[in-house]
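Engineer: One structure is given below, represented as structure tokens, and several questions about it will come after.
The values are calculated or read from the model by the stated rules, or taken from the named source; none is laboratory data. Bear in mind the structure is a predicted one, so any value in this text is a computation, not a measurement. Glycine gets a Cβ as well: all are built from the backbone with ideal geometry, and neighbour counts include every protein chain shown. Heads up: the accessible areas ignore ligands, DNA and RNA and are worked out on the full protein's heavy atoms, side chains in. Shrake-Rupley method; radii C 1.70, N 1.55, O 1.52, S 1.80 Å.
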Amino acid sequence: MIVLGIESTAHTFGIAIFDGKKVRSNIKDVYKTLQGGLIPREMANHHIEVCYELLERALKESELKLKDIDVVSYSASPGIGHSLRIGLLFAKIISEKIKVPLVPVNHCIAHLEVGKYFSEFENPLLLYASGANTQIIAFNNGRYRVFGETLDTGIGNFLDSLGYLLGFGFPGGPKIYEESLKAQNFIKLPYSVKGMDVSFSGILTYIRTRLLNDPSVTKADICYSIQETVYSMLLEVTERAIAHTGIKELVLGGGVAMNKRLQEMSKKLCEDLNIKYFCPEGQYLMDNAGMIAILGYKMYKSGIKMDAKHAYMDPYERTDDVDVTWK
Ligand code: ATP
Ligand code: FE2
């Protein structure tokens, strides 16, 4: 069985093809701006411009024709409405053209399930750290439950804002990492864990108002201290979720999980707790259609499918809104 996956929750438009054993292609095109944040209308135009070309390339790379596709899965939620709508429409067009069913996939759950698929773990806890999302997720009683999350911005967006303040351009995360390697000192920063949740906006304000104008503080020291502080916050909540749930496996997901320091700290935590650790390769961490195809395959196999007429999108669907009937 061949599944075509479509990712379209934000700036990435992606197409992937998965045959149940192998991801045959996993390609994308990312909407970028020269300056400033994304403009939803322009992002939608970008996705419309690239969708057919990406489809052709994905089929060619997979050595398949459109008629070989059995199912189309698409990211139905959560995300930016303008972007989700293009993915939904493209999925409907393909589904009606070749008369195959659709599978709607929750993007956050796909970040978790892709780690589960490649690690072959039974029941992992996910540390999901991306641009817009920061959540600690585990399966319990029919749904993926959020054990802790950010109370304000996602950690990636926080790092990007900090990068902007430091004059690094977008995305900030990778540049903050590079800069942190030159650091000499650790600066004590606000450490913001509230129960099982974390927050970042106060830390950003502290850096802006207290550190940026201080000539004795280097950018490298800020970057190093930020990483040590915010990744410790994430891992404190992760450790507590592991203690509460008794889960013995941790997987990382989302673009911020590309960070070598976060990977190192997570691995060390797992060694200390004597539990298993897994981080997927980069192409499955950043937004990608491979994870949508992989989860779509699993959901379809369990009997979930939809015709084009009933297909939907939902910008606000939460991880714990979805009944996980495919487990
Ligand atoms: P979601 O909808 O799941 O929130 P997203 O599109 O907002 O996804 P991703 O594509 O998963 O986010 O990740 C993008 C983020 O990852 C950016 O904020 C970027 O700064 C961050 N990032 C990428 N590489 C690194 C790195 N090496 N270290 C830290 N952050 C990184
Ligand atoms: Fe994502």
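Engineer: Any chance the stretch 104-117 includes a residue that's open to solvent by 20 Å² or more (accessible area, probe 1.4 Å), away from ligand 1 (no atom under 13 Å from the Cβ), closer than 20 Å to Met299 by Cα and part of a helix (DSSP H, G or I)?
Structural biologist: yes
Engineer: Moving to a separate point now. Looking at the stretch 6-20, is at least one residue under 13 Å from Ile294 (Cβ atoms), open to solvent by less than 10 Å² (accessible area, probe 1.4 Å) and among the aromatic types (Phe, Trp, Tyr)?
Structural biologist: Yes, that holds for at least one residue.
Engineer: Would you confirm whether or not the stretch 58-71 contains a residue that is open to solvent by less than 10 Å² (accessible area, probe 1.4 Å), closer than 21 Å to Gln283 by Cα and in a helix (DSSP H, G or I)?
Structural biologist: Checking the stretch 58-71: at least one residue is open to solvent by less than 10 Å² (accessible area, probe 1.4 Å), closer than 21 Å to Gln283 by Cα and in a helix (DSSP H, G or I).
Engineer: Here's another thing I want to ask about it. Mind listing whichever residues of the stretch 175-194 are open to solvent by 30 Å² or more (accessible area, probe 1.4 Å), closer than 21 Å to Arg261 by Cα and of a type outside the set (A, V, I, L, M)?
Structural biologist: Hits for the stretch 175-194 are Lys175, Tyr177, Glu178, Glu179, Lys182, Gln184, Asn185, Phe186, Lys188, Pro190, Tyr191.
Engineer: Still on this structure, I have one more. Provide a single number: the residues in the stretch 137-174 that are open to solvent by less than 10 Å² (accessible area, probe 1.4 Å) and either out of contact with any strand residue (DSSP E or B) (no Cβ under 8 Å at 6 or more places or on another chain) or within 9 Å of ligand 1 (Cβ to nearest atom) (or both).
Structural biologist: Counting residues in the stretch 137-174 that are open to solvent by less than 10 Å² (accessible area, probe 1.4 Å) and either out of contact with any strand residue (DSSP E or B) (no Cβ under 8 Å at 6 or more places or on another chain) or within 9 Å of ligand 1 (Cβ to nearest atom) (or both) gives 9.
Engineer: Moving on to the next point. Any residue at all in the stretch 186-205 that is modelled with pLDDT of 95 or more, in contact with a Lys or Arg (Cβ under 9 Å, 6 or more places away or on another chain), within 16 Å of ligand 2 (Cβ to nearest atom) and assigned by TED's automatic domain parsing to the domain that holds Tyr277?
Structural biologist: No, there is no match, as no residue in the stretch 186-205 is modelled with pLDDT of 95 or more, in contact with a Lys or Arg (Cβ under 9 Å, 6 or more places away or on another chain), within 16 Å of ligand 2 (Cβ to nearest atom) and assigned by TED's automatic domain parsing to the domain that holds Tyr277.
Engineer: Could you list, in sequence order, the residues of the stretch 267-282 that are away from ligand 1 (no atom under 11 Å from the Cβ) and either within 18 Å of Val114 (Cα to Cα) or in contact with a Lys or Arg (Cβ under 7 Å, 6 or more places away or on another chain) (or both)?
Structural biologist: Cys270, Ile275, Lys276, Tyr277, Phe278, Cys279, Pro280, Glu281 - these are the residues of the stretch 267-282 that are away from ligand 1 (no atom under 11 Å from the Cβ) and either within 18 Å of Val114 (Cα to Cα) or in contact with a Lys or Arg (Cβ under 7 Å, 6 or more places away or on another chain) (or both).
Engineer: Let me ask you something else. What residue, of Val3, Val23, Val30, is within 12 Å of ligand 1 (Cβ to nearest atom) and in contact (Cβ under 8 Å) with a residue 12 or more places away in the chain?
Structural biologist: None of the other options fit; the residue is Val30.
Engineer: What number of residues in the stretch 199-247 are in contact with a Phe, Trp or Tyr (Cβ under 7 Å, 6 or more places away or on another chain), closer than 17 Å to Asp152 by Cα and open to solvent by 20 Å² or more (accessible area, probe 1.4 Å)?
Structural biologist: Number of matching residues: 1.
Engineer: Still on this structure: Please go through (1) over 20 Å from Phe121 (Cα atoms); (2) part of a loop (DSSP other than H, G, I, E, B); (3) open to solvent by 80 Å² or more (accessible area, probe 1.4 Å) for Glu317 and return the number of the only condition it doesn't satisfy.
Structural biologist: The one condition Glu317 does not meet is (3).
Engineer: Can we say Gly282 is under 24 Å from Phe158 (Cβ atoms), within 16 Å of ligand 2 (Cβ to nearest atom) and touching a Ser or Thr at 6+ places or on another chain (Cβ under 6 Å)?
Structural biologist: It is false that Gly282 is under 24 Å from Phe158 (Cβ atoms), within 16 Å of ligand 2 (Cβ to nearest atom) and touching a Ser or Thr at 6+ places or on another chain (Cβ under 6 Å).
Engineer: How many residues, within the stretch 119-136, are open to solvent by 20 Å² or more (accessible area, probe 1.4 Å) and either assigned to a strand (DSSP E or B) or more than 16 Å from ligand 2 (Cβ to nearest atom) (or both)?
Structural biologist: Count: 5.
Engineer: Are any residues in the stretch 276-304 assigned to a loop (DSSP other than H, G, I, E, B) and either small (Gly, Ala, Ser) or surrounded by fewer than 16 Cβ atoms within 10 Å (Cβ to Cβ) (or both), and if so, which ones?
Structural biologist: Glu281, Ala289, Ser302, Gly303
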